[in-house]
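The values are calculated or read from the model by the stated rules, or taken from the named source; none is laboratory data. Since we're looking at a predicted model, the values are computed, not measured. Cβ placement follows ideal geometry from the backbone for every residue including glycine, while neighbour counts extend to all protein chains displayed. Surface areas here come from the heavy atoms of the whole protein model, side chains and all, with no ligands, DNA or RNA. Shrake-Rupley method; radii C 1.70, N 1.55, O 1.52, S 1.80 Å.
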Amino acid sequence: MIQLYYSPGTACLAPHFLLEELGLAYELILVDTAKQQHQEAAYLQLNPKGKIPFMIDGDLHLSESAAICLYLIEKYTDTQQATHFNPAPGTAERAQLYQWMLYLSNTLQAELLSYFYPERLSEDAAGAAQVKAHAEQRVASMLSYIDTQLSKTAGNYLLGHELSCADLFLFMLCRWTRGMTKPAREYPHLKPYLQSMFERRSIQDSLAQEGISAPYY
Ligand SMILES: N[C@@H](CCC(=O)N[C@@H](CS)C(=O)NCC(=O)O)C(=O)O
């Protein structure tokens with residue numbers, strides 16, 4: 001059975017939503033970052049990066065939330081019900097999926113990590129406060145870009161009419177902005193988008209399993 005190592009609310013959420021969305025059997029294993037369990041020897045032996053999430057599927061050991069999502073759609077979407085999750089290689093839809101997954105993980109997620117760990121990018125508290133403030137400004141311009149893109153899609157999702165793992169990834173990242181001056185939920189197109197994503201059973205169940213309570217996003 002697939003094992004997902006998680007810490008509540010962290011980058012494990014996108015793979016967790018996806019496991020639920022695909023109806024796969026999996027086991028959740030808690031590695032609590034608040035208790036520094038991700039720095040313990042037993043976990044570092046599995047994932048020397050000391051980051052969450054981490055997934056084991058048979059002989060495969062995999063880190064990086066975006067890579068886990070792309071692996072899961074490629075391996076487990078051969079059923080009729082889930083084909084829209086895995087657009088055929090070489091198609092425009094597949095290219096769009098890669099574009100969103102790379103943009104979200106390489107740009108917005110990276111900036112959010114600077115926002116949450118500013119002390120790693122500065123030598124003192126004043127510098128860290130500046131790093132955090134600047135990261136929040138850059139996140140705001142990225143949210144603005146995403147909001148505009150959502151206004152141009154033909155359907156309700158990043159790829160148009162069908163949900164993809166990029167939407168699950170985006171919901172996770174938008175959730176992380178909930179404490180910002182202008183959180184994602186306050187952008188005109190992101191607002192209804194996040195509300196409708198939040199209503200999905202996969203998201204509700206994952207948040208409940210991780211023990212996450214309101215405000216959700
Ligand atoms: N690019 C990685 C980022 C992983 C990451 O930084 N996870 C955070 C939680 S969201 C973490 O493990 N933080 C603990 C730490 O950096 O000490 C991914 O998407 O999997």
Taking the Cβ of Ala128 as the center, what net charge do the other residues with Cβ under 11 Å away carry, scoring Lys and Arg +1 and Asp and Glu -1?
-> -1
Would you mind getting me the FRET efficiency between Tyr145 and Arg94? Use the beta-carbon distance for r and R0 = 25 Å, nearest 0.05.
-> 0.70
Taking all protein chains as present, what is the carbon and sulfur share of the accessible area of the chain, in % to the nearest whole number, probe 1.4 Å?
-> 51
Members of Lys51/Lys182; Lys49/Lys75; Lys132/Lys182; Lys49/Lys152 lying beyond 26 Å, as alpha-carbon distances in this model show | Lys51/Lys182; Lys49/Lys152
Can you tell which of Cys12, Asn106, His84 lies farthest toward the positive end of the dipole of the chain, using +1 and -1 charges on the Cβ of basic and acidic side chains (Lys, Arg; Asp, Glu)?
-> Asn106
Centroid-to-centroid separation of region 173-201 and region 93-155 [C-alpha atoms, Å] | 14
Of the listed peptides 54-61, 133-140, what is their order by residue-averaged count of other C-beta atoms within 10 Å, with the highest listed first?
-> 133-140, 54-61
Which helices, taking whole DSSP H runs in the chain, have alpha carbons extending 27 angstrom or more along the helix axis plus mean Kyte-Doolittle at least -0.5?
-> 125-152
Which residues in region 6-30 place their backbone N less than 14 Å from a point set 7 Å from the Cα of Glu40 along the Cα-to-Cβ direction?
-> 6-7, 29-30
Between Asp32 and His134, Cβ-based FRET efficiency (R0 30 Å, step 0.05) works out to 0.50
Bridge orientation stat for the chain from DSSP, antiparallel percent rounded to 5, came to 60
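At R0 = 41 Å, how high is the FRET efficiency between Thr153 and Gln3 if r is their beta carbon distance? Nearest 0.05 is fine.
Working: r = 35 Å, r/R0 = 0.84.
Once rounded, the FRET efficiency stands at 0.75.
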Solvent accessible area, Å² - Ser122, 1.4 Å probe, full protein context = 30
Within the chain, cysteines having no neighbouring cysteine beta carbon under 4.7 Å are Cys12, Cys174
Antiparallel as a % of all DSSP beta bridges within region 2-83, to the nearest 5?
-> 60
With only helices counted (DSSP H, runs n ≥ 4, each -39500 (n - 2.57)), the per-residue ellipticity at 222 nm for the chain, to the nearest 500, works out to -14500 deg cm²/dmol
Whole-number accessible area per residue in Å² for region 54-171, which is evaluated in the context of all protein chains at 1.4 Å | 51
Three-way shape label, the chain, alpha-carbon gyration tensor, a/c 1.5 | oblate
Averaging 1/r across every pair of distinct alpha carbons in region 86-200 and inverting yields a Kirkwood hydrodynamic radius, in angstrom, of 14.9
